[in-house]
Structures are given as C-alpha cells and as structure tokens.
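A.B. asks: Please find one structure pasted underneath; my questions will follow.
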Amino acid sequence: MSDQPLILVVNAGSSSIKTAVFDIAGAEVARASAEGTGRAALDDIIDALAAQGVALRDLAAAAHRVVHGGTDLTGAMRITDKVRTDIEACIPLAPLHNPHNLAAIDLITQRAPGLPQYASFDTAFHTSNPEVAKRYALPAEAEALGIRRYGFHGSSYASLVRTFPEATGTALPARVLAFHLGNGASIAALKDGISVATTMGYSPVSGITMGTRAGEIDANAVLRLVEEFGFDRAREILNHQSGLLGLSGHSADMRSLEADDSIKSRFAIDHFCHAAARQAGNLMMAMGGLDAIIFTGGIGENAPNIRAQILQSFSWCRAIVNSKANNGNETKLHDAGSDISIWKIPADEERQIMIDACRVMQSGEQ
C-alpha cells in the first residue's frame, strides 16, 4: 500500500459505478466496480476497496467524472454547495447522466462527511472551441436555454494529449484527428493539443453512429418520433435502441457484430465506419489539414478491422496503415511511406480525473 495520500476516482454511469484509487504520484492502488447506482452499489464498492486495503478513512479526496458542466463549469473544481447546485442546474442538459453523477457525490458525502470532493466535466475540454463552432443557428430565446454544442469525452481527449509524448516518444502533432471509439463514440479535432471542433454537440446522442445512440439525425425526424411515439419513447429510441443495436437488431457490442456474418451486422459495422470517416472530413476542414490520426477507447484500441476500414477513407491523403502493426495492436500504426502518422493510445480517463483533482488541490482553488 502506498504511503502517499490516496484519491478515489468515481465514474457513475446509468447502470453501474466504476472506481479507481490512485496515490498522488499517479500509481494505481485499487479498482472496483458494482452494478447499480444507489447506496447498495456504493456499499459494495467500499467493501471491495477495503478488501484491497483501502478504507474510506485512508482517502485524502474523491474525484468524480461529471458529464455536463454547461456554460459555467468549464474546468475541474472542488465540489462546494454552490458547485453541487450548479451541477444540478445542468440536469436539463444531461438528464440521463448528471443525476447519476450527483447521486454518487451525495452518497460519498453521506458515507464520508468532510472528505474533499472534486469534479471533472466531460464538456470542459471543448470550451476552447470557437464560438462559431459552439452555436447552433437558433434564435436568442433558444440559445438562452443552453442549447448549443458542448462536446464530450473530455477526460479521454485530455489524457490522450497528456500521454501521447511518453507513449510514442514524439511530440503531439499539430493537427490531430482523435477517434474515441467505444459504446459512446466521438471524434475531436485537436490543433496544437487544443480542441477546435468535435462531433458530439448538445448531448452525447449526436455525432457518429454509436452502440445504442443514433448519432446524427435531422431535427424534424426527431420531432416526428415524438409525434408518433411520445417524448419518453422517442428518447428511449434515440439513446438506447439505435446505433449499432438498432441497425443490427441484436447487439450494440462491436465484438459480437464482428463475430456475426449476417447482412444486418455487416451493415451496422459499415454504417459505424462510414459515419466516422465522413464526419472526420468535416473536422479536418476545421483544422485546415491533417498531420496525425489517433485511436482510443474500447473499439479504437482493440478492433484492428474497424480501424483499417475507417483508414481506407484516408488513402487519398496518403494515410497508409501498416497492416502488421495494426493487427498486432501496436502503438505506431502507420507505414514508413505514410504522409500521416497513425497511432493507438490507451484511454486513461480515471488517472486524468485524479490529475485534475490534484491540480486543484495543489493550487488551492475552490
């Protein structure tokens, strides 16, 4: 067990809670997860961490992933009463996510009163996008409701920027297409390590095809779904029954789809790759070109065939994949003759959230 102060990182999703414990030097000490999002799930996690030698009394702080920070919560910060209120005020922007994040914060407060808690916001990384990229072409009354492009997966992209030099032995290229591909999926345009555009917008439903989320869809089509099925059913369709699951009819898991040779499964994979490549072209324009492509996330890191299919669409700019390196899931994926470098970088979101909390702690920010 480390003799350094320990930080508990909490990632509360819609159906489970995942946690990791790090010391402030960045070493992982323990990890635990549990199904469910209530008190029982947290109790299970606390018991599992205690079995690994980490009790609540050993912690110096807890750090939480919070999906939506709106327009005001634009960086990691300590969770005060006001910050908690501000996170709650963002629930209309992320009704399927922020309530679970708040529940985890409140449960930790109940179990460990006085333990400092910190929040990292998925949306914060993309606040660097220019205003013209954030605004929808809507009137002021709609903008006043907070309806604008925010972007998500911020901790993943921040960790990619942080870890790239050590993982590759080279500096981060100037113009990067970063593919975070998993059950939730997005792409970000990183110029000099700063987000200038991203595929997700007002919510994590928009952008490219995902595991169960629809991705890009015409607004009038959404209104039609509401007219036909009602609000709750339309929301269920768009968030939980679309994407790979909706197209294949049987699975949101890319591994399952690759193992199935049916026409529907093949089409779902093609749709995923087509959407990723097509929207990547949009992001290239936002950067004025392309120097590197980086894959991360569960699919991005572990699905060579998906990477290869997406990369076929970049042959025109001489992004040439090394098949042996790609099939071997190596870090460097480009061929010697490629004009564009291609990489695979493991997602390190929990450690990034810990680093965010440490920065706030050490700066004394409140």
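A.B. asks: Considering only Cα-Cα distances, which of the following residue pairs are longer than 30 Å: LYS82/LYS134; LYS18/LYS264; LYS191/LYS344?
C.D. replies: LYS18/LYS264
A.B. asks: Then there is this: Along the Cα→Cβ direction, 7 angstrom out, place labels at SER14 and ALA259. What is the inter-label distance in nm?
C.D. replies: For the pair SER14/ALA259, the computed spacing is 2.4 nm.
A.B. asks: Which helices, counted as full DSSP H runs in the chain, have an axial Cα extent of no less than 24 Å and a Kyte-Doolittle average of 0.0 or above?
C.D. replies: 263-287
A.B. asks: On a full-extension model of 0.36 nm per residue, what is the gain between ARG266 and ILE217, subtracting their alpha-carbon distance, rounded to one decimal in nm?
C.D. replies: 15.5 nm
Every number here is computed from the coordinates shown, using simple stated rules; none is lab data. A quick note: this is a predicted structure, and the numbers were derived from the prediction, not measured. Reconstructed Cβ throughout: ideal geometry from the backbone, glycine too, with neighbour counts over all protein chains shown.
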